[in-house]
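Enquirer: Got a structure for you, questions after.
Each reported figure results from applying straightforward, stated rules to the coordinates on display, with no laboratory input. Nothing here was measured: the structure is a model prediction, and the numbers come from that model. Glycine also receives a Cβ, built like all others from the backbone with ideal geometry; neighbour counts cover every protein chain displayed.
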Amino acid sequence: MSYSARMTSFAPYVARRAARSDFVPVRGLRYHVNVWGNASLVTPYKPPLVMLHGWMDVGASFQFAVDALHTDRFVIAPDWRGFGLSDAPAADSYWFPDYLGDLDVLLDALLPGQAIDLLGHSMGGNVAMIYAGVRPARVRRLVNLEGFGMPESRPQQAPKRYAHWLDELRQPQRLARYASVDAVAERLRRTNPLLRPERAAWLASQWSRPCADGQWEILADPAHKLANPVLYRKDEVMECWTLIAAPMLWIEGDLTDTARWWGDRYSKEEFHQRLAVVARVEKHMLSPAGHMLHHDQPEQLAHRLESFLGAE
């Protein structure tokens, strides 16, 4: 029996806490937001929990972790611009500061004047870290799930990076398409063998949509594949991190191998050296878990979150 055939024998995951979809105007775009619970659940020690997904992901990705929480929370997880059901900008490039701008406007629209608990995974973790330093009064607790930042850059890299970006602009970017939603689930399982089949089946329906020709496409703007022509400026990021006032929780997976992304240019050890500029950090490791640890070990993650976020 083929793997695709086996996938269909698994019923998709059934959410314990169903999310509702809201749409919010944000800087000229129609933003999609996944919402669990409501404002009646908010207390001084249980503020809204905002969850920020990573690159090539969607806000619904946090469903398993939300379900694993023992305590009901008011949770908001947007789809970043150009991902999920949020609009893509009328441009062919994405700039990191736009994520900060979108988050700030979104919080003002949905949670004006309220302090929040802020969680980010991967790219979302990088956004959350900078935002918590730039807007420290808005963040009561900060959680970073494997948002490692990036290798330090040098000005000498700029000409080659700009040339690479210009070359990429000449060719339209495309994402792979799939014969069925089961094939999408298969792709998710190939990328992450720890992902349970029923969770893969559920995620595939959130991560993709059917096309007119019967194939399935990923809910992401292909322009996300373009190289960013702007170099990562570590010193500027570190200045933001030093201003983080909230207690911070760092969680990583024991199977995450950063050398797959950056070789010897940037290691976990170097990241933890950078993290020393944040005043109050609690660190944990989940096992067995890789980069998508909120898919691999949502129960372990929920336990750590409730312990950290519930502390007075």
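Enquirer: For a quick check: with amide H placed at 1.01 Å from N, whose amide H comes under 5 Å from SER86's, ignoring anything fewer than 5 positions away on the same chain?
Expert: HIS32
Enquirer: Then there's this: Compute the normalised compactness of region 127-172: alpha-carbon radius of gyration over 2.2 N^0.38 Å, N being the residue count.
Expert: 1.76
Enquirer: Multiplying the sequence separation of ARG170 and ARG196 by 0.36 nm and subtracting their Cα-Cα distance, what value in nm do you get? Mind dumping the intermediate values first?
Expert: On the way: separation 26, 0.36 × 26 = 9.36 nm, distance 3.94 nm.
Computed gain between ARG170 and ARG196 is 5.4 nm.
Enquirer: A further question follows. How large is ³J(HN,Hα), in whole Hz, for each residue of region 181-196 in order, when computed from phi with the Karplus curve 6.51 cos²θ - 1.76 cosθ + 1.60 and θ = phi - 60°, using x for Gly and Pro?
Expert: 5, 5, 5, 5, 4, 4, 4, 4, 6, 5, 5, 9, x, 6, 6, 5
Enquirer: For PHE96 and VAL134 in the same chain, what is the full-extension length gain: residue separation times 0.36 nm, less their Cα-Cα distance, in nm?
Expert: So the extension gain works out to 12.3 nm.
Enquirer: Additional query: Convex hull over the Cα atoms of region 190-312, averaged projected area in nm²?
Expert: Mean projected area of the Cα convex hull: 10.6 nm².
Enquirer: Something else now. In Å, what Kirkwood hydrodynamic radius results for region 96-229 from the alpha-carbon pair distances?
Expert: Answer for region 96-229: a Kirkwood hydrodynamic radius of 18.0 Å.
Enquirer: Let me ask something else. Considering only DSSP beta bridges where both residues belong to region 1-114, give the percentage that are antiparallel (nearest 5). Walk me through the intermediate numbers first.
Expert: Working: 12 of 14 bridges.
Roughly 85 percent of the beta bridges in region 1-114 run antiparallel, per DSSP.
Enquirer: Then there is this: Expressed as a rounded percentage, what relative contact order does region 108-190 have, with Cα pairs under 8 Å and six or more residues apart?
Expert: 24 percent
Enquirer: Tally Lys/Arg at +1 and Asp/Glu at -1 over every other residue whose Cβ is under 11 Å from the Cβ of HIS284; what's the total?
Expert: -1
Enquirer: Turning to a different aspect of this structure: Please state the shape class of region 180-237: rounded when a/c is under 1.5, otherwise prolate if a/b exceeds b/c and oblate if not, all from the C-alpha gyration tensor.
Expert: Cα axes put region 180-237 in the oblate bin.
Enquirer: Oh, and also: Per DSSP H run of n ≥ 4, the term is -39500 (n - 2.57); total these for the chain, divide by its residue number, and report the mean residue ellipticity at 222 nm rounded to 500 deg cm²/dmol.
Expert: Value at 222 nm, helices only, nearest 500: -10000 deg cm²/dmol.
Enquirer: Among DSSP bridges having both ends in the chain, what percentage is antiparallel? Round to the nearest 5.
Expert: Once the DSSP bridges in the chain are tallied, antiparallel ones form about 45 percent.
Enquirer: Taking the Kirkwood radius as the inverse of the mean 1/r across Cα pairs, report the Rg/Rh of region 26-142.
Expert: Values: Rg = 13.5 Å, Rh = 14.3 Å.
When Rh is taken as the Kirkwood radius, the ratio is 0.94.
Enquirer: Let me ask something additional. Could you go through region 55-61 in sequence order and give the Karplus-derived ³J(HN,Hα) for each residue, using 6.51 cos²θ - 1.76 cosθ + 1.60 with θ = phi - 60°, rounded to whole Hz, and x for Gly and Pro?
Expert: Running phi through 6.51 cos²θ - 1.76 cosθ + 1.60 with θ = phi - 60° gives 5, 6, 9, 9, x, 4, 4 Hz.
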